Structure formats: structure tokens, C-alpha cells
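Encoded as C-alpha cells, the structure appears first; notes follow it.
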Amino acid sequence: MKKIIFVLFISILVLSACTEETSTNSIKTEDMGDLISSTIGNAEKHDVSKFEEYELESVIDGDTIRIKYNGSSEKVRFLLVDTPETNHETLGEQPYGPEAKEFTKQLLAGQDTVYLEFDVSYRDKYKRLLAYIYTKEGISVQEQLLKNGLARVAYL
């Protein structure tokens, strides 16, 4: 049920983002700081006390991070979203891939830890962990990527 509500919420965000006059074309790396400030100031805050906290190691791309999980370094793929690729073996770098990565990087800047909410399946076919990602302030990374036009709703 939680998954269905999240999908509906994300769909509404995507539809509302499509009607805004601004577009992803206007997002430049040098403007990312203003976008992040606005995002943090306007984002809905979730109660992270019910999620699991993990050490953040790095941002791999717009929809994948690396965390310390049970003593090992593990990749975490964001559930229900897909961002353009930055370094894909066959697709290479896709348009807006670097912007999505930079957005995720800046949204998580200064975060030593992130909060993960796991779904029914913990791993995908590539053995990456699958989770919803939240900052320590309770901001959903997936929601913000979608709201800012840097991701699409997608099932793995």
C-alpha cells in the first residue's frame, strides 16, 4: 500500500512538473546551488526515525549512491526513479545525466549519513541494494529528482 501511495504521489509530482514554465534546459551546473537551496527550503520533510541510517560513501550518478552496509561498501539504486546515464557501457553519457548526478551530489553534500527505506525486494538483478533515500533532514531524494525534472518514474 505504501508503494502505491508513493507511486501516486510521484505521478502527481511529475504531472505538475510538466506544467511548469521552467525546464531542465535551464539548469546549468553553475545554477545548481540556487536550485538546491530552493529545493531544501521547499521540500516536504519526512520522519526519518522509522528508517535505517547508513554511512554515505559517495554519489555514483543521479540515481545510485554507495554506502557502508553491514561493514561492506555497497551500491544502492534508488527505487522507482531513473535518471539519465553518466557513464553507461553502451549508452555513454546521456543528456542531463551530469546535471542529475550533480543535483544528487549537492543535495547530499555535507551528509555523513543517509536514511534508507527498503521495499519488499532488497536487491536487483545486478545485486545492488534497492531503497528510498532520505537526507538527515527528511528530504526524499527521489521526490526532489522528479520534482526538478531530473528523473522519470521507472520500475526496475
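Quick notes on this one:
- Computed label-point distance, nm, for sites Arg152 and Gln111 using a 7 Å Cα→Cβ extension: 2.4
- Residue-wise HN-Hα couplings along region 80-95, as the Karplus relation 6.51 cos²θ - 1.76 cosθ + 1.60 with θ = phi - 60° gives them from phi, are 6, 10, 9, 10, x, 6, 10, 7, 7, 4, 10, 8, x, 9, 8, x Hz; Gly and Pro carry x.
- A simple spin-label model places pseudo-atoms 7 Å from Cα toward Cβ; at Asn87 and Phe118 they are separated by 2.7 nm.
- Segment Tyr126..Ser49, full-extension length gain: 24.8 nm, with 0.36 nm per residue of separation and the alpha-carbon distance subtracted.
- Amide proton proximity set for Ile139, modelled H, under 5 Å, gap of 5+: His46
- Cβ-Cβ distance of Glu137 and Gln94, R₀ of 30 Å, FRET efficiency by 1/(1 + (r/R0)^6): the value works out to about 0.55.
Every number here is computed from the coordinates shown, using simple stated rules; none is lab data. Quick caveat, the model's predicted, so the values are computed rather than measured. Methodologically, a virtual Cβ is constructed for each residue, glycine included, from the backbone with ideal geometry; neighbour enumeration extends over all protein chains shown.
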